[in-house]
Structures are given as structure tokens and as C-alpha cells.
Amino acid sequence: MSDPRRHAGVVAAAERAGGALDLFTRASARLRRLVPFDAAVWTATDPETGLVTAPMLVENLGSGEGCGAYWESEFLEENVLPFRDLTRAAVPAAALRAATGGVPARSARYRRLLGAQGVDDELRAVLRVGDRPWGLVSLFRMHGGAEFAPDEVALLAGLSEPLAGRLRRFARPSGSDGAEGSSAPGLLLLDPDGEATSINEEARRYLARLPDGPSVPSALGLNLPIWVAGAALQARAIALGRDRGSARVRIRTVDGVWLTCHASCLTGLDGKPGPVALVIEPAAAADLTGIVAEAYGLTPRELEVAHLVARGLPTAEIASALFLSPHTVRDHLKALFGKTAVSSRVGLVARLFAEQHRQATT
């Protein structure tokens, strides 16, 4: 088991971060002192689907031009240690060489990409709280370096929950969140090979407001952010029977507005998976409430209580609706006030629902 005292410097660095990208930068710099590595990728994920979202930090891997192929392999090929498995694993971190008995070429990801790039070993982890993934980490050692040792794997696994707990705070609404001017959906079509073939103007405007990060070039004269490309890849993986998840991800724009990107693989005339239709639009109020509730660490029961508070129900009626005692409801309210740093029901409703409703209906 990893010594929690070794985590302290990394966690303290993350605690000082002013945003998710700053958290990745600070945590990576401190972690490198404990677990030496040559290159790294840190990315946030949608806690509901596990798909990558903004921001993403790519270190010592060029400009991230290989990210598209990396995630295509992750979604569509047979790989050792896919992130979806680590999300559910008892230990949320693992090293490629150890998992393959010293033969990393057993993994398609290594055969297709990592080996040719000079990578000797990859240590990857899911940053999660409970079963909710808030981020992913991949650390790489190039040829000539030692493989990642069990104690290094354990150390990164031990950082999973504390880093995820700090990362999810940045999903909370802020006073600087922007307002959406248009609610018209954006539409992007990709052919069966994943090449973007057509796009409407609304989608172009939404894409222009997404944060900088790795992207995939297209024949349309624009680069598709890796978070958008990832949703399309997930839709293809579902259509091919490789995954049963959801091809849906929430992304925050540079001006603080949450967008939802959801993709669906259409069926061709031959009954086989065909083009992918990808829709980008302002996130619905229900979507925002869910992610904000996750960001504050609310339990399902606490969120139920909060919804009834928002409807104006008094304590006795909330207790009756949820088959609880009034005392238990008051305990839930106390917990809600503490987690959201408010002191009244009005403040609670404003914190959890008002801002999201304003954005979704503006």
C-alpha cells in the first residue's frame, strides 16, 4: 500500500490550483519527483460517461498531434488496460509492462502507436471519487528507462481520489459563467471512417468557443477538438458492439457556458454502422444540475431533498414524500448547507439550480 505521506506534496500542489489545467500542471510537476516519467497526458472527464473533456494537458509529446490516433485505438481496438476497465477496477492504476508480463506488444495501443514513438512503458490511472471518473492520467517512460514499479503504481493509485476530489470542484458554477446567446443546435456529420464531411454554422460557432487543446484535422478546414472527436469515436464503438456506454460529453466553453456534445452512429443501407451524427448544443438544466451536484459531492438522497426544497416543500412534506423522519430531513439539509457553503434554503436553490436554469433558458 502506498504511504499517504508521499502524496502530501502532490495533493498540496493541487490544492493551490486555480483551475483544472493548473491542477494538472502543478500535480504533474510534483509527481515527477516521486515517479519519474518522460511524457504525460492529463485530461478531465465527464463523470457520467467517462469521456474525455476539457482541459487536457499534454507534456513532451509534441503538440498532441498523435492524440487522435491514441484515442481511436482506445475506443476501437482491443487493448490492455482500457480506461473504462480501470474506472471499475479495485485499483484505479496499472502499468502496461506489468499487465502484459513484460510484453507490451500484446496491446494494440503499443503495437500501433507507443512502440513506434519510443515508449517503453505506460502507467495510467483514473482519477475517481467512488465510481465517478473526473480525470485520466497517462505517464510514459521512453526506451532505456526502467519499467514502472509496483510501489509507483500504488502511489499513483493512492492519488486517484484526492486529486479527483479537487478536480471536481472546478465543475461548480462561478460568478463569471457566461450566458448563451443562441440555443440552436450545432450539427456535424462524419463518414464511416471518421472523416468530418459537413457542418452547420451553429456547430462552427460552438467549436470556436471551446478551450484550446489537442485536435484532429478535417477536410472542412477546421480542427475538431479531441473531446468532440472522442464522442464520435464512442458512438462508433457502441455501434460496433465494443461498448455499451453513452456517446455524450459535457464541455465548458472559454466563457463558462456548458455545452453538451452527443453523437449517434447511423445505420447504412446494408444494415452496418454508417455515418456519425454529432450534435452540440447548450446543456439542458437537468444536465447542469447533475454535474453541479456531483461537483459538490451530493449523495442521491441529498439531491432528492434539494429538488423538493426547490419546489418549496416544507420539512414535513419532504419527509412524507421521501418516507423519512423530519429529523433525517433536517440532517440532510444541514449536510447540503455545509457542502454548498450556504446558510438558507434560498441560498441552496440559487447555488444548485438558479444559475443552471438561467444559462439553459437564456
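The values are calculated or read from the model by the stated rules, or taken from the named source; none is laboratory data. Just so it is clear, the structure is predicted and the values come from calculations on it, not from any experiment. With ideal geometry, Cβ positions are generated from the backbone for all residues, glycine too; neighbour counts draw on all protein chains shown. The area values use the complete protein model at the heavy-atom level, side chains included, leaving out ligands, DNA and RNA. Shrake-Rupley method; radii C 1.70, N 1.55, O 1.52, S 1.80 Å.
Take the stretch 250-271 and flag every residue that is in contact (Cβ under 8 Å) with a residue 40 or more places away in the chain and under 27 Å from Leu189 (Cβ atoms). Selection gives Arg250, Ile251, Arg252, Thr253, Val254, Asp255, Val257, Trp258, Leu259, Gly268. Evaluate the stretch 141-150: report whether one residue or more is open to solvent by less than 40 Å² (accessible area, probe 1.4 Å) and within 22 Å of the chain's Cα centre (by Cα). No, there is no match, as no residue in the stretch 141-150 is open to solvent by less than 40 Å² (accessible area, probe 1.4 Å) and within 22 Å of the chain's Cα centre (by Cα).
Taking Leu81, is it outside any helix (DSSP H, G or I) and without any contact (Cβ under 8 Å) to a residue 40 or more places away in the chain? No; evaluated as a whole, the condition is false for this residue.
When each of Gly66, Gly50 is tested for being more than 16 Å from Asp121 (Cα to Cα) and touching a strand residue (DSSP E or B) at 6+ places or on another chain (Cβ under 7 Å), the lone residue that passes is Gly50.
When you look at Phe37, is it buried (at least 21 other Cβ atoms within 10 Å of the Cβ) and touching a helix residue (DSSP H, G or I) at 6+ places or on another chain (Cβ under 7 Å), yes or no?
Working: buried (at least 21 other Cβ atoms within 10 Å of the Cβ): yes; touching a helix residue (DSSP H, G or I) at 6+ places or on another chain (Cβ under 7 Å): no.
Taking the combined requirement at face value, the residue does not satisfy it.
Among the residues making up the stretch 87-100, those that are part of a helix (DSSP H, G or I) and open to solvent by 10 Å² or more (accessible area, probe 1.4 Å) are Thr87, Arg88, Arg97, Ala98, Ala99. For the stretch 113-121, the criterion of a residue being open to solvent by 70 Å² or more (accessible area, probe 1.4 Å), without any contact (Cβ under 8 Å) to a residue 24 or more places away in the chain and either more than 17 Å from Asp38 (Cα to Cα) or under 21 Å from the mean Cα position of the chain (by Cα) (or both) is satisfied by no position. Answer with yes or no whether Ser183 is assigned to a strand (DSSP E or B) and within 21 Å of Leu259 (Cβ to Cβ). Here the answer is no, as Ser183 does not meet what is asked. Being acidic (Asp, Glu) and within 32 Å of the chain's Cα centre (by Cα) is a property that Glu317 lacks.
Which ones in the stretch 17-34 are basic (Lys, Arg) and surrounded by 16 or more Cβ atoms within 10 Å (Cβ to Cβ)? Residues satisfying the conditions are Arg26, Arg30.
Of all residues in the stretch 196-233, which are of a type in the set (Asp, Glu) and open to solvent by 70 Å² or more (accessible area, probe 1.4 Å)? Scanning the stretch 196-233 gives Glu201, Asp212.
Filter the stretch 54-68 for residues that are open to solvent by less than 10 Å² (accessible area, probe 1.4 Å) and either acidic (Asp, Glu) or modelled with pLDDT of 90 or more (or both) and give the result. Result: no residue meets the conditions.
Being in a strand (DSSP E or B), of a type in the set (Gly, Ala, Ser) and crowded, with 18+ Cβ neighbours inside 10 Å is the requirement here; does Ala14 meet it? No; evaluated as a whole, the condition is false for this residue. In the stretch 265-294, the qualifying residues are those that are surrounded by fewer than 19 Cβ atoms within 10 Å (Cβ to Cβ) and among the aliphatic types (A, V, I, L, M), and the one that is farthest from Leu76 (Cα to Cα) is Ala285.
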